[in-house]
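A.B. asks: Got a structure here, written out as structure tokens. Questions coming.
The values are calculated or read from the model by the stated rules, or taken from the named source; none is laboratory data. Note that the structure is a prediction, hence the values are computed from the model and not measured. Neighbour counts are summed over all protein chains in view; Cβ atoms, including those assigned to glycine, are modelled from backbone coordinates with ideal geometry.
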Amino acid sequence: MGIRVLSQRLAAGTTHTNSTDEAVLDSYTIPANFFNGTNGKSLHARGYALVADSNSTDTVVLRVRLGATTLTGTAIATTTAVDAADSDVCVYDIWLTVRDGDSSGTATTSVLMNDCDAVGTPADAFAVAVASLDFTAALLLEITADWSVAHADNQIAAQQFVVMEVVSDL
């Protein structure tokens, strides 16, 4: 088994600041027909976001979404709202495997993601089957963040995001 890197972040992403609207920290567009007709094909994505600054007891929530359009996909993982502090790290590790690769197929997902809290915080595990995905169209895999309070000191940005195709040697 091997991997092929499909996308990687080479610089920090756009900072999500001063807003309570859910915002995309990072995303990867899975090309149309990438999964179509292929049972067992897998993507693996890993990355982290950094809380550069936070205000008082404001909380932040991270989500992993999968769907056709920005911020409308199924939330396959959602962290607990936590009081993030300056320099807190939010790590995500995502597996997406296709069970039924027909044009309206099903994918299983597993996500390990920690709340945006101090380094060493245990990760939460999420496992979700997502049905009726249109594999003939492009799909978005998105990492999003949502602050509880709009404040200029609330700042979070993706620092790393690598998306890999898992290639079978069989």
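A.B. asks: Every residue in the range 81-105 that is assigned to a loop (DSSP other than H, G, I, E, B) and either at pLDDT 85 or above or surrounded by 17 or more Cβ atoms within 10 Å (Cβ to Cβ) (or both), please.
C.D. replies: ALA81, ALA84, ALA85, ASP86, SER87, ASP88, GLY101, listed by residue number.
A.B. asks: May I ask you to verify whether LEU62 is among the hydrophobic types (A, V, I, L, M, F, W, C), out of contact with any His (no Cβ under 8 Å at 6 or more places or on another chain), surrounded by fewer than 17 Cβ atoms within 10 Å (Cβ to Cβ) and modelled with pLDDT of 90 or more?
C.D. replies: no
A.B. asks: So, THR108, is that one under 19 Å from GLU165 (Cβ atoms) and surrounded by fewer than 20 Cβ atoms within 10 Å (Cβ to Cβ) or not?
C.D. replies: It is true that THR108 is under 19 Å from GLU165 (Cβ atoms) and surrounded by fewer than 20 Cβ atoms within 10 Å (Cβ to Cβ).
A.B. asks: For ALA137, which of the numbered conditions (1) surrounded by fewer than 15 Cβ atoms within 10 Å (Cβ to Cβ); (2) modelled with pLDDT of 85 or more; (3) in contact with a strand residue (DSSP E or B) (Cβ under 9 Å, 6 or more places away or on another chain) fails to hold?
C.D. replies: (3)
A.B. asks: Regarding the range 65-80, can at least one residue be identified that is closer than 29 Å to THR17 by Cα, in contact with a Gly (Cβ under 7 Å, 6 or more places away or on another chain), at pLDDT 85 or above and in a loop (DSSP other than H, G, I, E, B)?
C.D. replies: The answer is yes; a qualifying residue exists.
A.B. asks: If we only count strands (runs of 3 or more DSSP E) wholly inside the range 110-170, which ones have 1 or more residues that are without any contact (Cβ under 8 Å) to a residue 40 or more places away in the chain and either on the phi > 0 side of the Ramachandran plot or of a type in the set (Phe, Trp, Tyr) (or both)?
C.D. replies: Output list reads 124-134.
A.B. asks: Here's a follow-up. Checking THR38 against (1) at pLDDT 90 or above; (2) in a loop (DSSP other than H, G, I, E, B); (3) of a type in the set (Ser, Thr, Tyr), which single condition isn't satisfied?
C.D. replies: With respect to (1) at pLDDT 90 or above; (2) in a loop (DSSP other than H, G, I, E, B); (3) of a type in the set (Ser, Thr, Tyr), THR38 is out only on (1).
A.B. asks: While we're on this one: Going by the structure shown, is VAL130 surrounded by 17 or more Cβ atoms within 10 Å (Cβ to Cβ), in contact with a strand residue (DSSP E or B) (Cβ under 9 Å, 6 or more places away or on another chain), at pLDDT 95 or above and aliphatic (A, V, I, L, M)?
C.D. replies: no
A.B. asks: Next question. With respect to SER7, determine if the residue is more than 17 Å from SER132 (Cα to Cα) and out of contact with any strand residue (DSSP E or B) (no Cβ under 8 Å at 6 or more places or on another chain).
C.D. replies: no
Residue-wise test of (1) outside any loop (DSSP other than H, G, I, E, B); (2) surrounded by fewer than 19 Cβ atoms within 10 Å (Cβ to Cβ); (3) under 12 Å from the mean Cα position of the chain (by Cα).
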{"site": "ASN33", "(1), (2), (3)": "no, yes, no"}
{"site": "ALA45", "(1), (2), (3)": "yes, no, yes"}
{"site": "ALA49", "(1), (2), (3)": "yes, no, yes"}
{"site": "ALA52", "(1), (2), (3)": "yes, yes, no"}
{"site": "THR57", "(1), (2), (3)": "no, yes, no"}
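A.B. asks: Looking at the range 10-28, which of its residues are surrounded by 14 or more Cβ atoms within 10 Å (Cβ to Cβ) and either in contact with a strand residue (DSSP E or B) (Cβ under 7 Å, 6 or more places away or on another chain) or farther than 27 Å from ALA150 by Cα (or both)?
C.D. replies: GLY13, THR15, HIS16, THR17, SER19, GLU22, ALA23, VAL24, LEU25, ASP26, SER27, TYR28 - these are the residues of the range 10-28 that are surrounded by 14 or more Cβ atoms within 10 Å (Cβ to Cβ) and either in contact with a strand residue (DSSP E or B) (Cβ under 7 Å, 6 or more places away or on another chain) or farther than 27 Å from ALA150 by Cα (or both).
A.B. asks: Which residue, of LEU10, LEU25, LEU43, LEU6, is within 17 Å of VAL162 (Cβ to Cβ) and at pLDDT below 90?
C.D. replies: LEU10
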